[in-house]
Amino acid sequence: MMDEITSISVSKLSSLLAKKEISAVEAANAYLEKIQSLNSEIGAYISITAETALKQASEVDRLRAAGEKLSPLAGIPAGIKDNICTKGIPTTCASRMLENFKPPYNAFVVDLLEGQHAVILGKLNMDEFAMGSSNETSYFGPVKNPRDTSRVPGGSSGGSAAAVAAGLAAFALGSDTSGSIRQPAAFCGVVGLKPTYGTVSRRGLVALASSLDQIGPLTKDVKDCAMVMESIAVQDKWDATSVCHPNPEFTKGIENGVQGLKIALPKEFFAAVSDEVKNAVLAAAKQYEKLGAKVEEVSIPHLKAAHSACFVISAAEASSNLGKFDGIKFGYRAQNCSSVDDIYKLSRSQGFGKEVKRRILLGTMFLSTGYYEKYYSKSLQIRTLICNDFKNIFERYDLILTPTTPTTAYKLGEKQGDSLDIFMGDICTSSVNMAGLPALSLPCGADSQGLPVGMQLIGKAFDEQLLFRAAYAYEQNANIGQRKD
Ligand code: GLN
């Protein structure tokens with residue numbers, strides 16, 4: 001029974017809970033038992049909040065017994081990436097710097113989930129401060145890919161993707177600055193959405209690069225992803241970049257198919273990936289044609305430049321955002337300091353890992369006199385060019401289909417220390433953050449070693465509904481052994 005509960009989708013579990021065929025406490029226990037038995041191997045959770053989870057679950061059962069009308073997420077066990085603040089529960093960003101940080105408030109999304117009585121199982125491992133693509137930069141050790149534990153789960157939301165893939169959470173929240181939801185979703189064979197910028201509040205998300213960051217769901221299937229989005233796409237008056245989404249009924253019309261849709265395949269994305277990944281995504285394109293869509297090759301000339309520019313902008317913003325971790329106000333403070341300067345220097349030297357320091361140094365350089373015009377201003381100009389590339393395509397097409405990652409999951413340790421090579425893992429995803437567009441990654445088969453391949457659907461701003469519709473059509477019709485419950 002434990003396995004059964006942890007492998008079913010959010011939508012199915014939600015209806016079982018509503019019909020009282022299973023209680024929220026039973027569901028929470030099934031997940032907690034599985035976490036107990038698998039987490040030491042997978043490393044998906046940094047903190048497990050079993051006690052509060054069971055309290056939340058029994059409250060759901062009490063409310064249901066009292067005849068209250070509950071939200072579809074009531075009683076659904078979820079995991080939260082550890083850069084999203086949870087009141088009184090450690091929020092470490094997988095860094096020594098915040099190892100003992102317990103936020104005094106919840107992120108807006110956490111308040112939303114709790115308000116809808118979702119059950120929070122714990123906090124998920126990640127690359128330190130969301131910098132990385134393999135989840136190997138975590139201070140708490142790497143996460144392993146549940147599909148093959150000798151491989152990385154992707155990153156930076158590696159814990160979120162691994163938890164969903166291994167049945168350690170019915171769904172998870174991640175964050176995506178240049179691919180950190182979609183890339184691990186692809187490596188672990190689950191669904192992940194980076195929403196349109198501004199759709200999900202960033203209040204309480206520890207910022208990496210504020211102009212690129214978005215929180216989004218990782219789920220077992222497409223419908224679940226739409227369901228979770230319906231619960232978290234709420235305007236937040238305390239986040240200046242949060243907007244009121246014009247089409248927030250994400251599950252509406254999900255079954256309407258792709259007949260007559262025009263899908264663009266940008267050739268530059270396909271040139272950046274392995275043959276196996278390319279072939280799997282091209283097979284998916286064929287499937288879309290069979291389902292009645294029109295598929296055509298197009299060009300996105302500034303893809304590579306946008307990727308480099310994204311690195312510059314992300315590092316520049318990170319260097320500023322991470323300035324607050326100085327050992328004075330909160331976070332790690334080095335011992336035995338002989339001066340104020342020492343406190344700053346030693347706390348930051350000891351509190352941050354290598355990759356974080358590298359980004360802070362580079363970002364500070366990009367913003368300094370003499371380099372600002374050459375790197376930072378130039379990158380902002382490139383940002384306009386890539387926005388225009390997308391705009392041109394969306395004048396003629398409804399959706400863009402690309403691979404999510406250049407390869408499938410690689411071996412743990414294989415790329416460690418090669419920061420640039422790791423960042424290249426985001427070549428297919430970063431331009432989407434630069435343009436603020438929504439994009440969804442979903443499984444589209446496996447490579448010759450049986451490792452999942454992910455494809456990415458990119459939509460116009462606020463066109464998540466269409467992304468879900470197209471992804472769902474593929475998921476229901478593709479014969480690649482995917483879930484259909
Ligand atoms: N690979 C990206 C990086 O290392 C991931 C950033 C993100 O999306 N959080 O910065």
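The values are calculated or read from the model by the stated rules, or taken from the named source; none is laboratory data. Keep in mind it's a predicted model, so treat the numbers as computed, not measured. Cβ placement follows ideal geometry from the backbone for every residue including glycine, while neighbour counts extend to all protein chains displayed. Note: accessible area is taken over every heavy atom of the protein model, side chains too, but ligands, DNA and RNA are not part of it. Shrake-Rupley method; radii C 1.70, N 1.55, O 1.52, S 1.80 Å.
Of the helices (runs of 4 or more DSSP H) entirely within the range 385-485, those holding at least 2 residues that are more than 19 Å from the chain's Cα centre (by Cα), farther than 20 Å from residue 208 by Cβ and among the polar types (S, T, N, Q) occupy 464-477.
If a residue must be of a type outside the set (Phe, Trp, Tyr) and open to solvent by 10 Å² or more (accessible area, probe 1.4 Å), how many such residues does the range 435-463 contain? Within the range 435-463, residues that are of a type outside the set (Phe, Trp, Tyr) and open to solvent by 10 Å² or more (accessible area, probe 1.4 Å) number 14.
Restricting 467, 380, 367, 437 to residues that are within 27 Å of residue 274 (Cβ to Cβ) and more than 16 Å from the ligand (Cβ to nearest atom) narrows the list to 467. Confirm whether residue 17 is part of a helix (DSSP H, G or I) and buried (at least 22 other Cβ atoms within 10 Å of the Cβ). Yes, satisfied.
Looking only at the range 109-133, residues that are more than 14 Å from the ligand (Cβ to nearest atom), among the small types (Gly, Ala, Ser) and either within 15 Å of the chain's Cα centre (by Cα) or open to solvent by 10 Å² or more (accessible area, probe 1.4 Å) (or both) come to 1 in all.
Taken over the range 413-434, residues that are aliphatic (A, V, I, L, M) and crowded, with 20+ Cβ neighbours inside 10 Å amount to 4. Candidates are the residues of the range 134-160 that are crowded, with 21+ Cβ neighbours inside 10 Å and among the polar types (S, T, N, Q); the one that is nearest to the ligand (Cβ to nearest atom) is 156. Please work out if residue 395 is closer than 30 Å to residue 292 by Cα and among the acidic types (Asp, Glu). Here the answer is yes, as residue 395 does meet what is asked.
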